[in-house]
Amino acid sequence: MPKAMLQQNPHQFLILCLLGLLLACNKPAAPIKPPPTPLPVAPAIPAGHAGIYFPKVRAFAGSREDMQVFTWILNQDTLRLRDDTLFFKPRPGLDTLTFIRPRQQHPEKLYCDFRPDSLYQITPNECCGDFELGADHFVFARDTAVFQAKGLPPGSRWIGVAGSSAVWLKNGESIPFRGDNLGGPMMPRRYRVAIQTFTPAQDSACFVLDPRTRKELACYDSSTEPLFSMIYLSLHGDCPRLRFDGKKRRVRVGL
């Protein structure tokens, strides 16, 4: 404002100053940004133990409410979503994780390759209304099972199953095998491993494959009652090794 105007029109100058002050006071305040969503803090792992926890982030808010009704039993310890990290000592070989849904007639028992000094988290799989259990550093297994057999009676036909595919069992041979339909974005990563007698089927999408060439050798009936069956979830790229004694009809499982 020029000095001459201040001297000639003091009242007009005062009014302009008041208007400027009112406009400055009515200026909207800058919006307050919400704090960033905290990432899950990995708890310290006692020596020789492993831990399982649920990530507590906003992204899983709705899913966490749905998962409140699920129950997991790790070996003998019950784990629920509201619990803190469960620490445990992994067993030599394989541990068991039993998954229970509400109104589920038969709980689902999983066999897993937990390792000491490792941390695992359970997250919802919203695509299939299920869950995923993963390690900090997940590695895909090259094979999904290794089958060994001995004592098979002459003329008997036994198959080892991984996922929806199978392989012929042979006396004295160790057969690494990678099955099919072993999980993906729309289904959990765990898969079925079994040993059963071969029953032919005409219209079936389940095949006995050559383990090397992947050539389809025969169709088998997947509804045949297996001698042994389990659900396996690989956390570190380890695959189960099934040793079948055909004479004693006994199966031993290890890594």
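The values are calculated or read from the model by the stated rules, or taken from the named source; none is laboratory data. Predicted model, so just to flag it, every value in this text is computed and none were measured. Note that each Cβ is placed from the backbone with ideal geometry, even for glycine, and that neighbours are counted across all protein chains shown.
So the values come out like this:
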{"read-out": "Looking only at the stretch 144-156, and only at residues there that are outside any strand (DSSP E or B) and at pLDDT 95 or above, the one that is surrounded by the fewest Cβ atoms within 10 Å (Cβ to Cβ)", "value": "GLY151"}
{"read-out": "Meets criteria (surrounded by 18 or more Cβ atoms within 10 Å (Cβ to Cβ), without any contact (Cβ under 8 Å) to a residue 40 or more places away in the chain and among the polar types (S, T, N, Q)) for GLN196", "value": "yes"}
{"read-out": "All positions within the stretch 190-220 that are within 28 Å of the chain's Cα centre (by Cα) and in a loop (DSSP other than H, G, I, E, B)", "value": "ARG190, ALA205, CYS206, PRO211, ARG214"}
{"read-out": "Cross-chain or 6+ apart pairs with Cβ under 6 Å, the stretch 226-248 first and in contact (Cβ under 8 Å) with a residue 12 or more places away in the chain, then aromatic (Phe, Trp, Tyr)", "value": "MET230/TYR111; TYR232/TYR111; PRO240/TYR232; LEU242/PHE147"}
